Amino acid sequence: MSAVDAGVQRVIERLRTESGSALLLVGVALFALVWANSPFSASYEHLLEIPIMVEIGDFIIDMDLHHWVNDGLMVVFFFLIGLEVRQEFAVGSLRDRRRALVPLVAGLAGVALPALIYLAIAGGEAARGWGAVVGTDTAFLLGALALLGPAMSNQLRVFLLTLTVVDDFLAVSIIGIFYTDDLAVTPLLIAFVCLGLLWLLGRSRQWRSSPYVVMIVVLWAATLLSGIHPSLAGMAAGLLVPAAAPEREDVIRAKYLFRDYWQSPQARVARTAQAGLARSISVNERLHTVIAAPVALVIVPIFALVNAGVDLRGGVLGDALRSPVTWGIVAGLVVGKTLGISLGAWAAVRLRLGTLPDGVGPGSVAGGAALSGIGFTMSLLIVSLAFEGETARFAVIGVLIAMGLSWLLGWVVFRVARNRLGEESADLPMVLDPPLDPERDHIHGDPAAPVVVVEYFDFECPFCARSTGMGDDLRAHFGDDLCFAVRHLPLEDVHPRALDAAIVAEAAGRQGKFWEMYGLLFGSQAHLEDDDLVGYADQLGLDLDQFAEDCADAQVRDRVRDDEASAFASGARGTPTFFLNGIRHRGPHDARTLIAALEQQRAADRSLRGRL
């Protein structure tokens, strides 16, 4: 690879990050502003007015480029939001009531208060614009958080994502309800039929993505012709695409299909293996993965290009600064979002509806609330629907001013939270606590080995190390350089037999048979009833009377609970969770990824020793 190619690749990888995509949007918005105020501004206007017509028989869609972007490309953006909402309800934060209610209340307050503030300031002159202050630009928010927030802010990020799910859902609903004019009945009926068919596809567990895509395209066209803004169709379609965690059986099936291809690399076998891999992942997640990068790197920047170019010449900026529309939007987004989200979260916690995420303090919530005033994409879209002419320009200027002030306010709040409130982080702990203890922990290998991996596991977890061969792969790569240890984290809310299995393993450990019982239990995950557990003890030749006494011993149960407490103190909340040389690993936990991370750590250590 040449130096130029390598440089381009680095730029692309940078743009794929949340901070990089936010900076890209800022750059595109500034470019649009400069273009619209340059001697070449006429070319900008001509670009937006380029007519594009699609005609298939009697079916005709005739719009200019501006409307194709806002009513066409942006539907993909709203479809992505719908996918994310469905994921959150199925496998994310909104599945857990205690975790969902605080951001839900904060999100509702973060919609209501900005709208009231806008109406109080500009309601007499331009009440129709109140919807422009209710939405948050998720891409901008997360990018600004990456640039301005705490160095470790994953838990705050999850909180804000959950909040923006509520925010965006309400914003899109508002567009569909309050910014729809004349309705055409026939296309509207076709749209409802498409929604029904999408629902049936999900109910029938259709795993191929192509039927969903075809139905969504028809839904978009019907909604556009019906008079309803297509953003509502995009959101509704995303909500109807099913999301679910991978099923263990599907993953195992995909594994054997891939083995077939490894043994017989032919096109037909490859297609079968590819279909098996696709079937193991939900349609929702596959579509989300495919469109997320194009939306962030192409669709939203194009939207910014065609909507942020406001001609400020001829006294427009001065007039805007005297307009209640401008200041209604600025106050609604900057003041309304900050106070609404902060007070909503505070009230929900005080009313004991839920708790803030572990590691997230009120100062971090306030900083995230301030950044939520970056309305941009949602705000500009609603401005284009609510206003025309001079009022629209004033509103766009208000959105851009609010974006700058929200960045500044977020930076100030995060600095205060860090320096005055001691909120250095907004994430779970990253360091293993307590450290590896050879006298207590269950260990394979030399505790003094240069590579130490600790896994928190659950005997009913289908993806833990023993069932996937993780420990074997690590030992095969590192050999005697590896020390592999395990700690219990039984997830009793989803795995009712996990605690009993952990107690049985510890009781077997008192007779020197922990690892043997560990292997038996993971090899028989579907059979962990009391009789099964006693049978495994007998199979291992344990003293059954001593085994029964140990299982009933409170100290054995306390041993498992101590591991649970250490998991909580170390930031582990699910299984499997791996600690690589004492640091919690985040991201994929396949053997290849863990080996690469460990080798990177070893290379960094060697480089540091070389400099010393």
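The values are calculated or read from the model by the stated rules, or taken from the named source; none is laboratory data. For clarity, every value in this text was computed on a predicted model and none was experimentally measured. Glycine also receives a Cβ, built like all others from the backbone with ideal geometry; neighbour counts cover every protein chain displayed. We work out accessible area using only protein heavy atoms, side chains counted, and drop any ligands, DNA or RNA first. Shrake-Rupley method; radii C 1.70, N 1.55, O 1.52, S 1.80 Å.
Give the list, by residue number, of cysteines in the chain with no other Cys Cβ closer than 4.7 Å, or say none.
So far as the 4.7 Å Cβ criterion goes, Cys194, Cys483, Cys551 stand without a partner in the chain.
What are the ³J(HN,Hα) values, in whole Hz, obtained from phi via the Karplus relation 6.51 cos²θ - 1.76 cosθ + 1.60 with θ = phi - 60°, for each residue of the stretch 214-223 in sequence order, with x given for Gly and Pro?
Going residue by residue, I get 4, 5, 5, 5, 5, 4, 4, 4, 5, 5 Hz, with x marking Gly and Pro.
By its C-alpha gyration tensor, with a ≥ b ≥ c as the square roots of the eigenvalues, how is the stretch 117-187 shaped: rounded for a/c under 1.5, else prolate for a/b larger than b/c, else oblate?
oblate
Using a Förster distance of 56 Å, how high is the FRET efficiency between Ser38 and Arg415, based on the Cβ-Cβ distance and rounded to 0.05?
Plugging the Cβ-Cβ distance into 1/(1 + (r/R0)^6) gives 0.95.
Once you charge only the Cβ atoms, +1 for Lys and Arg and -1 for Asp and Glu, what is the size of the charge dipole of the chain about its Cα centre, to the nearest 20 debye?
1340 debye
For the chain, give the share of DSSP beta bridges that are antiparallel, in percent and rounded to the nearest 5; count only bridges with both residues there.
About 70 percent, rounded to the nearest 5.
Note the full-extension length gain between Ala278 and Trp515 as 0.36 nm times their separation in residues minus their Cα-Cα distance, in nm to one decimal.
Gain on extension, Ala278 to Trp515, equals 81.8 nm.
Can you list residues from other chains, or at least 5 along the same chain, whose modelled amide H is less than 5 Å from the amide H of Asp64?
Long-range HN contacts for Asp64: Ile52.
Got a sec to turn the phi values of the stretch 426-439 into Karplus ³J(HN,Hα) couplings, 6.51 cos²θ - 1.76 cosθ + 1.60 with θ = phi - 60°, whole Hz, x for Gly and Pro?
Per residue, the Karplus-derived 3J(HN,Hα) values read 10, 8, 6, x, 10, 9, 4, 9, x, x, 4, 10, x, 7 Hz.
With each run of n ≥ 4 DSSP H residues scored as -39500 (n - 2.57), what mean residue ellipticity at 222 nm is computed for the chain after dividing by its residue count and rounding to the nearest 500 deg cm²/dmol?
-20500 deg cm²/dmol
Under a 5 Å amide H to amide H cut-off, with H placed in plane at 1.01 Å, what residues pair with Arg487 once short-range neighbours are removed?
Under 5 Å from the amide H of Arg487: Glu455, Tyr456, Phe457.
If each of Arg475 and Ser210 carries a label point 7 Å out from its Cα toward its Cβ, how far apart are those two points in nm?
Rounded to a tenth, the inter-label distance reads 4.6 nm.
How much of the accessible area of the stretch 151-254, in percent, comes from carbon and sulfur atoms when a 1.4 Å probe is used?
68 percent
Between Val217 and His46, what is the label-point separation in nm under the 7 Å Cα-to-beta-carbon projection?
3.2 nm
For the stretch 182-262, just say rounded, prolate or oblate: build the C-alpha gyration tensor, square-root its eigenvalues into a ≥ b ≥ c, call rounded for a/c under 1.5, and beyond that prolate if a/b exceeds b/c, oblate if not.
Prolate, since a/c reaches 1.5 and a/b exceeds b/c.
Grab the beta carbon distance between Glu388 and Thr289, set R0 = 35 Å, and tell me the FRET efficiency rounded to 0.05.
The calculated FRET efficiency here is 0.35.
So if we plug the beta-carbon distance of Arg259 and Arg322 into 1/(1 + (r/R0)^6) with R0 = 56 Å, what FRET efficiency do we get, rounded to 0.05?
With R0 = 56 Å, the Cβ-Cβ based efficiency is 0.20.
In nm, to one decimal, how far is the modelled label at Arg271 from the one at Asp605, with both set 7 Å along Cα→Cβ?
Taking the two extended label points, one gets 4.9 nm.
Test of understanding: what is the full-extension gain from Leu353 to His66, defined as 0.36 nm times their sequence separation minus their Cα-Cα distance?
Taking 0.36 nm per residue and subtracting the Cα distance, the gain is 98.9 nm.
Once you list every other residue whose beta carbon is under 15 Å from the beta carbon of Gly234, what net charge do they have if Lys and Arg are +1 and Asp and Glu are -1?
My count for the surroundings of Gly234 gives -2.
What are the extents of the Cα atoms of the stretch 462-540 along their three principal axes, listed from largest to smallest and rounded to whole Å?
Answer, in whole Å and largest first: 38, 29, 17 Å.
For the stretch 458-612, with only Lys/Arg (+1) and Asp/Glu (-1) charged at the beta-carbon, what is the dipole magnitude about the Cα centre, in debye rounded to 20?
With only Lys, Arg, Asp and Glu charged at Cβ, the dipole is about 1360 debye.
Please work out how much length the chain gains when fully extended from Val91 to Asp543, using 0.36 nm per residue of separation minus the C-alpha to C-alpha distance, in nm with one decimal.
Full extension of this stretch gives 158.4 nm more.
Under a Cβ-Cβ cut-off of 13 Å, what is the net charge of the residues other than Ser38 that fall near it, where Lys and Arg count +1 and Asp and Glu count -1?
Overall, the nearby charge balance is -1.
Please give the charge dipole size of the stretch 1-129, origin at the Cα centre, charges +1 on K and R Cβ atoms and -1 on D and E Cβ atoms. Round to the nearest 20 debye.
Result for the stretch 1-129 is approximately 960 debye, rounded to the nearest 20.
Identify, among Ile443, Leu200, Thr164, the residue whose Cα sits farthest towards the positive end of the charge dipole of the chain, taking +1 on the Cβ of Lys and Arg and -1 on the Cβ of Asp and Glu, with the dipole about the Cα centre.
Thr164
Around Gly72, under 15 Å between beta carbons, what's the net of Lys plus Arg minus Asp minus Glu among the other residues?
Overall, the nearby charge balance is -3.
Looking at the square roots a ≥ b ≥ c of the eigenvalues of the Cα gyration tensor of the chain, which shape do they give, rounded for a/c under 1.5, prolate if a/b is larger than b/c, or oblate?
prolate
Could you list which residues have their amide H under 5 Å from that of Val452, counting only those 5 or more apart in sequence or on another chain, with H placed in the peptide plane?
Cys483, Asn581
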